[in-house]
Amino acid sequence: MSIAKVYSAQLIGLDALIVTIEVDISNGLHAFSVVGLGDRSIDEAKDRISAAIKNSGYVSPKQKNQKVVISLAPADVRKEGPSFDLAMAIGYLAAAGNLQFDPRGILILGELSLEGCVSKISGLLPILCQARTKGYHTMFVPEQNRREASLAQGITIFGVDSLNALMDHLSGRKHLSPIEANFQDNHSLPPSISIDMSVIRGNESAKRGLEIAAAGAHNILMSGPPGTGKTMLAHSFVSILPPLSYDQSVEVTGIHSAARTLKDELITYPPFRSPHHTASYPSIVGGGAFPKPGEVTLAHRGVLFLDEFPEFERGVLEALRQPLEDRLITISRARGTVTFPAQCILIAAMNPCPCGKGRDHGCTCLNHVLLAYKRRISGPILDRIDVCLNVSKIDYEKLAARTVVSETSAEIGVRVMKARELQRKRFGRFGIHKSCNSEMSAQDIERCIVMPSDVRNLLATFAQKHELSGRAFHRVIKVAQTIADLGRRETIEKADILEALQYRQKKE
């Protein structure tokens, strides 16, 4: 009788759970079982690891008359996915006497093919980033996850391409080279969203509103007839956002890895998510029996663009209330509760009416149809939108001109970055751990914002006349402060408040 122990991990939401894998081999009639509340893919691992061990030159568990029990602890937590294959195979070979090593402080993750090769897994980066705080100093991960693993710091990581390679390393026959930490400053935008602001002709007022929204990370609602450039403006918005820092890139890449949407390239730019208006509730907010991130979390540190805003299901729109306010979303299921980050900028686009023309351009919609259309967006959702923009009809002279002088995204992006740096310095003076004006609480506004009494009285008068809510009142101040930051002013002036109030009103 022999027993071995190794360690692996899996994600619960975005939190790493350490899984202890114990392998017991005893005499008796042949039996091979995996216990510990595993899903179908883990139950099927018995065949994968048996074939991988045999094809790697060792005696397969199915070729011996013995009883093999593999336990995955903690036993009361559901295990899912094939990422435990490599650890279970190493545990079996150690219990069978083919390997001797000290498993303490070592995590092993990877899926095995039948020939013994190690395949790529998802959700690796969050585990890597949390492993050190859980007392682990070394990790063995699939070689195909090398680029993702290179983002992690403070832990020794080895890329493994086969079961034999890991056996050689652990036994001391041939050592692997550790993966070097490598964060490349590659902030080029992917082709799907690389629209420069200078390409868009006209709509200067809308561009100004987008610049303000980017500088303070404010939510936006664009309204206008079809074909006026709302979608192009939304896509160009990402090009004026500041690039992600190292910590932000690690965070965003980890989320996409957990959601199985990460491609080969690391995410070093703000993500842009644009779900169709037929998207379901779980796909937007996240969910499932084992909660996975939804679109609002996949847009973390970036943009969530909802085109045809009123066409989304009302339940989907109402579910955005919490993430737009708290910048996180909590999903509760019978098996537990998971909280995902959701610090994104919402860009919503809509037509002024069902026919799309608007009252000033020959709208043919009946009053009750127009009223029903507007009621699809509730007051509480509109209350959480800071900048309302009217995207007017196209200026055909500018559209037909050969050349039109217009600011590039790089030029606008410089002003946005300077404004955000001003905000970070202001928050730093008061010991506030926030980065943008939109994140300020009511208490932060009282501590940080300088607003003369005449400006405050102007805002109070407008708020009373238009019956602004407390939330809307504070959001006007946040937008006004962002406008002041773009003008390199610490004090909010009357012109700043007037412009912020202009964006508060939804134009028809």
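The values are calculated or read from the model by the stated rules, or taken from the named source; none is laboratory data. Since the structure is predicted, the reported quantities are computational estimates derived from the model, not experimental observations. Using ideal geometry, Cβ is built from the backbone for each residue, glycine included, and neighbour counts are taken over all protein chains shown. Accessible surface is based on the protein model in full, side chains and every heavy atom, while ligands, DNA and RNA are left aside. Shrake-Rupley method; radii C 1.70, N 1.55, O 1.52, S 1.80 Å.
General observations
- Residues of the stretch 315-360 satisfying the condition of being assigned to a helix (DSSP H, G or I), open to solvent by less than 10 Å² (accessible area, probe 1.4 Å) and over 17 Å from Thr278 (Cα atoms): Pro323
- Pairing each residue of the stretch 332-344 that is within 30 Å of Ala234 (Cβ to Cβ) with any residue that is outside any strand (DSSP E or B) and of a type in the set (S, T, N, Q), provided the two are 6+ apart or on different chains, yields C-beta distances under 8 Å for Phe340/Thr297; Pro341/Thr297; Ala342/Thr297.
- Scanning the stretch 261-288 for residues that are in contact with a strand residue (DSSP E or B) (Cβ under 9 Å, 6 or more places away or on another chain), closer than 25 Å to Asp15 by Cβ and open to solvent by 60 Å² or more (accessible area, probe 1.4 Å) yields a total of 2.
- Just one residue in the set Gln502, Gln464, Gln481 is over 30 Å from Pro354 (Cα atoms), within 32 Å of the chain's Cα centre (by Cα) and of a type in the set (S, T, N, Q); that residue is Gln481.
- Cβ-Cβ under 7 Å pairs, at least 6 apart or on other chains, the stretch 66-89 side closer than 20 Å to Arg260 by Cβ and among the hydroxyl-bearing types (Ser, Thr, Tyr), far side open to solvent by less than 40 Å² (accessible area, probe 1.4 Å) and part of a loop (DSSP other than H, G, I, E, B): Ser83/Leu109; Ser83/Gly110; Ser83/Ile121
- Unique residue being in contact (Cβ under 8 Å) with a residue 12 or more places away in the chain and crowded, with 20+ Cβ neighbours inside 10 Å when the list is Ile445, Ile492: Ile492
- Leu151 vs. criteria touching a residue at least 24 places away in the same chain (Cβ under 8 Å) and within 29 Å of Lys54 (Cβ to Cβ): no
- Total residues in the stretch 206-256, condition without any contact (Cβ under 8 Å) to a residue 12 or more places away in the chain and either of a type in the set (Phe, Trp, Tyr) or open to solvent by less than 20 Å² (accessible area, probe 1.4 Å) (or both): 0
- Residue in the stretch 401-417 that is open to solvent by less than 70 Å² (accessible area, probe 1.4 Å), under 23 Å from Asn351 (Cα atoms) and not acidic (Asp, Glu) present: no
- The stretch 7-25 residues that are under 19 Å from Val35 (Cα atoms), paired with ones that are of a type in the set (Asp, Glu) and surrounded by 20 or more Cβ atoms within 10 Å (Cβ to Cβ) (beta carbon under 7 Å, 6 or more apart): none
- Residue count for the stretch 118-148, restricted to those that are touching a strand residue (DSSP E or B) at 6+ places or on another chain (Cβ under 8 Å), free of Cβ contacts under 8 Å to residues at least 60 places away in the same chain and of a type outside the set (Gly, Ala, Ser): 14
- Yes/no for Gly105 being surrounded by fewer than 17 Cβ atoms within 10 Å (Cβ to Cβ), under 22 Å from Gly172 (Cβ atoms) and within 34 Å of the chain's Cα centre (by Cα): yes
- Extreme residue, farthest from Thr339 (Cα to Cα), among residues of the stretch 1-48 that are assigned to a helix (DSSP H, G or I) and not basic (Lys, Arg): Asp47
- The residues of the stretch 148-166 that are closer than 13 Å to Gly110 by Cβ and of a type in the set (A, V, I, L, M), listed by number, are Ala149, Ile157, Val160, Leu163, Ala165, Leu166.
- Residues of the stretch 49-63 that are part of a helix (DSSP H, G or I) and open to solvent by 40 Å² or more (accessible area, probe 1.4 Å): Lys54, Asn55, Lys62, Gln63.
- Applying the condition of being closer than 20 Å to Lys425 by Cα and touching a residue at least 60 places away in the same chain (Cβ under 8 Å) to the stretch 461-489 and asking which residue is surrounded by the fewest Cβ atoms within 10 Å (Cβ to Cβ) yields Arg488.
- Any helices (runs of 4 or more DSSP H) falling wholly within the stretch 115-215 and containing at least 1 residues that are at pLDDT 95 or above: 124-131, 163-171
- Helices (runs of 4 or more DSSP H) completely within the stretch 400-475 that count 2 or more residues being out of contact with any Lys or Arg (no Cβ under 8 Å at 6 or more places or on another chain) and over 23 Å from Pro242 (Cα atoms): 442-448, 453-466
- Condition met for Gly91 (modelled with pLDDT of 95 or more, open to solvent by 10 Å² or more (accessible area, probe 1.4 Å) and either more than 30 Å from Val285 (Cα to Cα) or among the acidic types (Asp, Glu) (or both)): no
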